[in-house]
Structure formats: structure tokens, C-alpha cells
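Below is one structure, written out as C-alpha cells; the observations come after it.
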Amino acid sequence: MSTIARTVYGPDIRQEMARLKRAKDIAPGLPVVTALCYHEVTPDRENDCMNVKPEIFRRHIREFKEAGYVFIHVGDLQNYASGLAPLPAKALLISFDDGYADNYNYAYPVLREEQVPGTFFVVSSTIGKENRMTAAQLREMQANGMKIGSHTANHVNLTDMGANEIDFELRSSKETLEKILGKPVCALAYPGGKVNDTVSDKAKSCYEMAFVATVRPETKQTMYTLQRYGVFSWNEHIESIFKNR
């Protein structure tokens, strides 16, 4: 699993500037943003490649700050796309997939202490279940500057589903989250990063933007195929997030 994840998700920092330039060349209407995708942030699960320890997560944030990045969330992207506000030159979006309880217990306190916004993509059917964040926690996070997005209703591979099933996964998740939060939910992260034309078309009818989970410099991005770097247990420093180790 670790080797596969390194191969799929582990970009090289030498390619990052070229990727950003290429992204701007082939999709000039989109903002140039470095987006990261975390999953678990906990001191436990030493052998889980999806987990980043809280102290390492804090180190990432501080090293990005030192490197001159400015942290944004999906609301900032929405404002940019609507022509309401520009983005900083070195914009960085930190996101989390799945809605694990440790996101609230460990990642959220670090983000608050470091005064950095985060975007949390939540599987709506798992809210309040074992090892998942609760509705009250999501509301608290939103009240303190975090953004909540959809990771569908049931975390299924949308590309294996029919149009009606896809529509249910996207719309029911959005409705559930908006009822909990009392505010619109503008962003989606595709489960497993898997998307095809049918899925992206359905996403357009529900959300303002949607994210995949890999970076492919040769692929034209749209607001419904925004690319993210996966962050894993071996990414101990900022440079290792962009370098195979």
C-alpha cells in the first residue's frame, strides 16, 4: 500500500513549478493553487501510511509559512471564481478527506493555534458514527473559520454508478450537510478521486467546485477536476510532500 501510494501521490518538488506553469498555460481561467489532501492526523496508528502525526502536521504548516505560502479555503476559491476577490500568489489549500474523529481532536486544534483555515470533506452518512466527527463538532469548526465540504453520502466509487445513483450521492450529502451547518456547501471531493464526464456533469448541478486526489501536470484542470497532492506518513518535512522518499 505504501509503495503504491508513493507512486500515485508522491510528486517531485522539481516538477511543482513546472506543473503550476503548465496548469496556468492549459487552464488560464483557473487559479494557481497548491492543494493538499490529508486523511488522518493522530499520534496513534504508527504503521498507517494514511496517518500524519499532529506534531508533523504542525511542522508542515510552519514550514509552509516560512516558505511564504498563504493559506486559503474553498470559500476563497469560490470568491475568486465569482470575481469577488483575488488569490495570493502562493496560495495553499489544506484539505482532509473522510471526516475522521481525529480531524477534530488533533488537526483542528493545530489549525486554530496556527490561525490557518482547513477544508474538511465529510461522508454525510457516517457523521456521528464510530471514529467520525459529530454534527456538533462540524458546526463548531465552521464557526471557527473551517470549511466543510461533501465527500458524498456513502463514499462509493461514483464512476461505477448510474446517473440517478450519482445524483443521490451528491444531492443527499449536500442536503444533509447544509441542514447540519445552516450554510451552503460549495465543494465536493470525489471518493478515491475517481471522476468521469457523467460524474463531473452531475457535480456541476450541485456544487461550485470539485476535487480529485492526484496531480497530473499534463491534464487540464477545470473547477470540477481540481488537483490535490496526497500527504502521507513519510512526509515529515515540507520538501518531502513534494518528493518521493
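Across the range 215-236, the residues whose backbone nitrogen lies under 12 Å from the label position 7 Å along the beta-carbon direction of ARG22 are 215-221.
First select every other residue whose beta carbon is under 14 angstrom from the beta carbon of MET161; then total the charges, Lys and Arg +1, Asp and Glu -1. If you can, show how the numbers build up before the last one.
On the way: positive: ARG171, LYS194, LYS202; negative: ASP160, GLU165, ASP167, GLU169, ASP197, ASP201.
Within the 14 Å Cβ shell, the charges total -3.
Structure remark: mean-square fluctuation, Gaussian network model of the chain, C-alpha springs under 10 Å; the largest value among LEU92, LEU36, LEU84 belongs to LEU84. Before anything else, pin down the relative contact order of the chain: Cα pairs under 8 Å, at least 6 apart, normalised by residue count, whole percent. Taking the mean separation of contacting Cα pairs over the length of the chain, I get 26 percent.
Separation between the THR219 and ASN131 pseudo-spin-labels, each 7 Å from Cα along Cα→Cβ, expressed in nm? Rounded to a tenth, the inter-label distance reads 2.7 nm.
Accessible surface of LYS129, taken over heavy atoms with a 1.4 Å probe and every protein chain present, rounds to 120 Å². For the residues MET223, MET209, MET17, a 1.4 Å probe over the protein chains yields an accessible-area ranking, largest first, of MET17, MET223, MET209.
Springs join every pair of Cα atoms under 10 Å in this Gaussian network model of the chain, and among PRO88, PRO31, PRO54 the largest mean-square fluctuation is at PRO88. Give me a comma-separated list of calculated 3J(HN,Hα) values for the range 42-55, in order, Karplus coefficients 6.51, -1.76, 1.60 applied at θ = phi - 60°, integers in Hz, x for any Gly or Pro. Coupling constants for the range 42-55: 8, x, 8, 6, 4, 9, 8, 5, 7, 9, 10, 5, x, 5 Hz. Normalised by the number of residues in the range 94-211, the mean separation of alpha-carbon contacts (under 8 Å, six or more apart) gives a relative contact order of 24 percent.
So which residue, out of GLU208, GLU218, GLU175, gets the largest mean-square fluctuation from a GNM of the chain using Cα contacts under 10 Å as springs? Answer for the Gaussian network model of the chain: GLU218. Loop-located GluC sites (Glu not before Pro) in the range 121-166 (DSSP state not H, G, I, E or B) with no more than 11 neighbouring Cβ atoms inside 10 Å: GLU130.
Probe radius 1.4 Å, ligands and nucleic acids left out: which of ASP160, ASP102 has the largest accessible area, and how do the rest follow? Mind showing how you got there, number by number?
On the way: ASP160 125, ASP102 10 Å².
Descending order: ASP160, ASP102.
Find the relative contact order for the range 164-218 and round it to a whole percent, using C-alpha pairs within less than 8 Å whose residues are 6+ positions apart. Worked out over the range 164-218, it gives 39 percent.
The values are calculated or read from the model by the stated rules, or taken from the named source; none is laboratory data. Because the structure is predicted, anything quoted here is derived from the model rather than measured. Ideal geometry is used to build each Cβ from the backbone, glycine not excepted, and the neighbour counts take in all protein chains shown. Accessible surface is based on the protein model in full, side chains and every heavy atom, while ligands, DNA and RNA are left aside. Shrake-Rupley method; radii C 1.70, N 1.55, O 1.52, S 1.80 Å.
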